[in-house]
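Have a look at the structure below, then the notes.
The values are calculated or read from the model by the stated rules, or taken from the named source; none is laboratory data. Since the model is a prediction, treat every value here as computed from it, not as a measurement. Glycine gets a Cβ as well: all are built from the backbone with ideal geometry, and neighbour counts include every protein chain shown.
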């Protein structure tokens, strides 16, 4: 199922649960209608790539995303605490955090909403994970850090490729520091076409994901990690408890509003690019959408959701959210 269909399912499950309806029957009906979940949902991708049971899938996916071959390959992963608290800085919660056999850290982030802070957020996350690799009193022998960001928007239309490897470099494009890498993936740019000749392992993974999201699984070798992922992504594999839990987290329509906001924003940007990127961005942001985003932020603050999560779901700035928070107190 796609993003909107998954949001609709969660809404109906949440309504049935709150009203004392037959939740099992509701889920059974969706299982007849759809075979697969929406892969890029935060909770879903954590279940598919972020638990020890699915380590082999995560190893294959990360090796593909980072273009690792031979002796450089990740052989096994340890899943570590996703939250990095901060005494004098903001706390950070990443989607998936792992360490390989060399204790090098691999982090996966799924970015759903484009705003002016998303690249700053990635730099901040990278810095926090770098600091986490160094113990007090130890020499500065930092571990390798690879942060993979799957973007559900085209953040850099002027860049030709959909896959970007970002490191610190000098004015002559010479690498200054190789141990800190951001791998940026513009998923919609890949899917819109122009990369049909890309037969890399990672491109195959993106096509497998897209096939599941559109209920048209691509043919894959039997017994491969692709085949295992397709099996694990079946809606029937996700328990009623999991689906109800996810539905109730979005019980105030946060997820539905998030989907509506993203679609409206995408339409506005697409129309606007014909006349100018900035004009399209303005058309995509209506007064109604902003009011919904602020109401969503207010409800999430009441539930003590982290500010970073509210920024991601609403598209508002941290300053906006702090202003709303001040009105609650």
Residue by residue through segment 214-240, note down the ones that are in contact with a helix residue (DSSP H, G or I) (Cβ under 8 Å, 6 or more places away or on another chain) and assigned to a helix (DSSP H, G or I).
225, 226, 228, 229, 230, 231, 232, 235, 236, 237, 240
How do the helices (runs of 4 or more DSSP H) wholly within segment 275-327 filter down when requiring 2 or more residues that are at pLDDT 80 or above: which remain?
287-302, 307-314
Taking residue 128, is it under 16 Å from residue 181 (Cβ atoms), assigned to a loop (DSSP other than H, G, I, E, B) and touching a residue at least 40 places away in the same chain (Cβ under 8 Å)?
no
Scan of segment 60-74 for residues that are crowded, with 16+ Cβ neighbours inside 10 Å and either in contact (Cβ under 8 Å) with a residue 40 or more places away in the chain or not assigned by TED's automatic domain parsing to the domain that holds residue 106 (or both), ordered by number:
60, 61, 62, 63, 64, 65, 66
One residue is enough: does segment 178-186 have a residue meeting the conditions modelled with pLDDT of 90 or more, crowded, with 18+ Cβ neighbours inside 10 Å, over 21 Å from residue 68 (Cα atoms) and under 16 Å from the mean Cα position of the chain (by Cα)?
no
Give, as residue ranges, the strands (runs of 3 or more DSSP E) completely inside segment 1-115 that count at least 3 residues that are more than 28 Å from residue 318 (Cβ to Cβ) and touching a strand residue (DSSP E or B) at 6+ places or on another chain (Cβ under 9 Å).
77-79
